[in-house]
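For reference, the structure is listed below as structure tokens.
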Amino acid sequence: MREIVDMAGRRVTVPVHIQRAASLLITSYERMLLLDQIEKMAMSMRVTSPWARTIFPEFSAAGDIEVKSAVNPNVEELVAKKVDVVFFWDRPAIIQKLAAAGIPVVVTQVPDQAQTDSFEAYKRNRKKDVLMHGQIFGPEAEKKAGAWSRYFDEKVDYVYSKTKDIPDGERPSVYYVRGPDVLTTHSKNSPTWWAMRVAGGMPRASGQTRDVIDRVPAEQFISWNLDVIFMGWLDNTDLVLKDQKWSKVPAVINKRAFISPNGVYRWDHSSEVPLLIMFFAKKLYPDLFSDLDLVAETKYFYKTFYRYELTDDEADRILTHRPPGATK
């Protein structure tokens with residue numbers, strides 16, 4: 001057995017050799033795919049991304065459980081499946097119940113109330129998640145996590161080096177539609193807020209920082225005079241461009257609403273986040289990032305970290321939030 005420190009700062013004792021893991025916090029399935037640990041996935045919250053199934057055809061649906069079952073898991077089922085570790089939210093009552101059954105629980109997301117209040121803290125928290133998964137799964141996974149961490153630094157620092165000195169008054173006012181509606185976004189100092197900030201935007205959200213999900217009043221949304229709107233979990237721009245309520249918003253007038261990419265998992269929460277930052281930067285500053293080839297970057301990432309060679313068409317589909325092989 002060995003001890004790790006999870007994202008909530010808890011010290012957790014886990015087996016040295018993990019054979020079976022339950023990904024009850026959905027982002028952990030993507031970390032397991034990234035680190036080539038798919039054969040150890042005993043259970044996973046239901047995955048809706050068609051790209052996960054395409055790129056990892058061995059990703060069995062047998063362990064695909066509904067959200068309500070993942071939030072309040074069946075302890076007996078986990079014991080019967082001989083699960084060595086559970087990846088979960090920071091929910092003490094459930095964690096205690098699982099621990100009482102002898103199942104170690106690792107919290108794999110930064111608690112909502114924890115503020116990421118600097119660029120360095122943002123980088124540290126995003127890397128810690130992947131590095132922690134690598135530590136849990138052993139030396140080979142740790143190597144892969146380390147390689148991803150170096151890539152993250154390289155690409156994030158590349159973007160930040162070009163945007164860090166842009167004064168706030170000269171940054172475009174940007175907003176992220178998390179969905180399902182326009183007024184639901186990610187809060188100030190959330191990972192998505194920082195991704196837009198690193199990319200050179202002036203991200204907008206209400207002042208609250210306790211919860212990742214943020215509800216914004218309509219009048220505040222309009223008052224921001226947004227220059228650019230990114231559609232996060234949605235595959236079209238109709239919610240903003242075709243609704244008369246937002247017709248006077250500059251981003252709507254100038255049709256500067258962009259659909260965000262979607263791959264093995266949503267890029268705002270997945271290990272693909274360096275690609276998302278580059279996507280934001282390219283949309284906000286096409287001239288400043290004229291050397292940036294998003295198709296080439298996406299293909300490189302998938303070959304290097306997911307061990308899958310995308311075609312140009314597949315990369316373009318991911319970048320435009322389209323499923324594999326579909327037409328629109």
Self-check item: Point-to-point label distance, residue 311-residue 223, nm (Cα→Cβ direction, 7 Å offset)
Solution: 5.1 nm
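Take the Cβ-Cβ distance between residue 161 and residue 82 as r, set R0 to 51 Å, and report the resulting FRET efficiency rounded to the nearest 0.05.
On the way: r = 48 Å, r/R0 = 0.94.
Using R0 = 51 Å, I get an efficiency of 0.60.
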Practice problem: Might you work out the accessible area of residue 90 for me, using a 1.4 Å probe with all protein chains in place, and round it to the nearest 10 Å²? | Solution: 50 Å²
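Note the full-extension length gain between residue 208 and residue 253 as 0.36 nm times their separation in residues minus their Cα-Cα distance, in nm to one decimal.
Result for the pair: 13.4 nm of gain on full extension.
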Quiz prompt | Length added when fully stretched, residue 184-residue 245, from 0.36 nm per residue minus Cα-Cα | solution = 20.4 nm
Exercise. Give the cross-link partners of residue 68 among the aspartates and glutamates, using a straight C-alpha distance below 18 Å as the criterion and excluding same-chain residues fewer than 8 apart.
Key: 76, 77, 90
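If the viscosity is 0.890 mPa s and the temperature 25 °C, what translational diffusion coefficient in µm²/s does Stokes-Einstein give for the chain when Rh comes from Kirkwood over Cα pairs? Before the final figure, lay out each step's value.
Working: Rh = 20.5 Å.
Rounded to a whole number, D works out at 119 µm²/s.
Would you mind counting up the charge near residue 176? Only other residues with Cβ under 9 Å from its Cβ, with Lys and Arg at +1 and Asp and Glu at -1. Before the final figure, lay out each step's value.
On the way: positive: 178, 204; negative: 268.
That sum, taken over residues with Cβ under 9 Å, equals +1.
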Quiz item: How much length is gained if the chain between residue 120 and residue 91 is pulled fully straight, taking 0.36 nm per residue apart and subtracting their Cα-Cα distance, in nm to one decimal?
Solution: 7.8 nm
Quiz item: To the nearest 0.05, what FRET efficiency results for residue 101 and residue 147 with a Förster distance of 45 Å applied to their C-beta separation?
Solution: 0.80
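If you roll a 1.4 Å probe over the chain with all protein chains in place, what percent of the accessible area is carbon or sulfur?
Values: 7120 of 14280 Å².
Roughly 50 percent, rounded to a whole number.
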Quiz item: Assigning unit charges at the beta carbon (Lys, Arg +1; Asp, Glu -1) and nothing else, what dipole magnitude in debye, to the nearest 20, does the range 70-132 show about its Cα centre?
Solution: 180 debye
Self-check item: Most mobile listed residue (169, 102, 146) in the chain, GNM with C-alpha springs under 10 Å
Solution: 169
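Evaluate the relative contact order of the chain (contact order divided by residue number), counting alpha-carbon pairs under 8 angstrom at least 6 apart; express in whole percent. Spell out each step's value before the answer.
Working: 555 pairs, mean separation 53.8, N = 328.
In percent, rounded to a whole number, it is 16.
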Quiz item: Restricting attention to the alpha-carbon atoms of the range 97-181, what are Rg (one decimal) and Dmax (integer), both in Å?
Solution: 17.5, 55
Quiz prompt | For the range 112-225, accessible area per residue (1.4 Å probe, heavy atoms of protein chains only), Å² | solution = 43 Å²
Quiz prompt | Max mean-square fluctuation residue, GNM over the chain, Cα-Cα springs under 10 Å, options 46, 256, 91 | solution = 91
Quiz item: Taking a 1.4 Å probe, which of 17, 186 shows the most accessible area, and what order do the others take after it?
Solution: 17, 186
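Taking only C-alpha pairs under 8 Å that are 6+ residues apart, what is the relative contact order of the range 1-148 in percent?
On the way: 214 pairs, mean separation 43.9, N = 148.
That works out to 30 percent.
The values are calculated or read from the model by the stated rules, or taken from the named source; none is laboratory data. Quantities reported herein were computed from a predicted structural model and do not represent experimental measurements. Cβ coordinates were reconstructed from backbone atoms using ideal geometry, including for glycine residues, and neighbour counts include every protein chain displayed. Just so you know, the surface numbers come from the protein's heavy atoms only, side chains and all, with ligands and any DNA or RNA stripped out. Shrake-Rupley method; radii C 1.70, N 1.55, O 1.52, S 1.80 Å.
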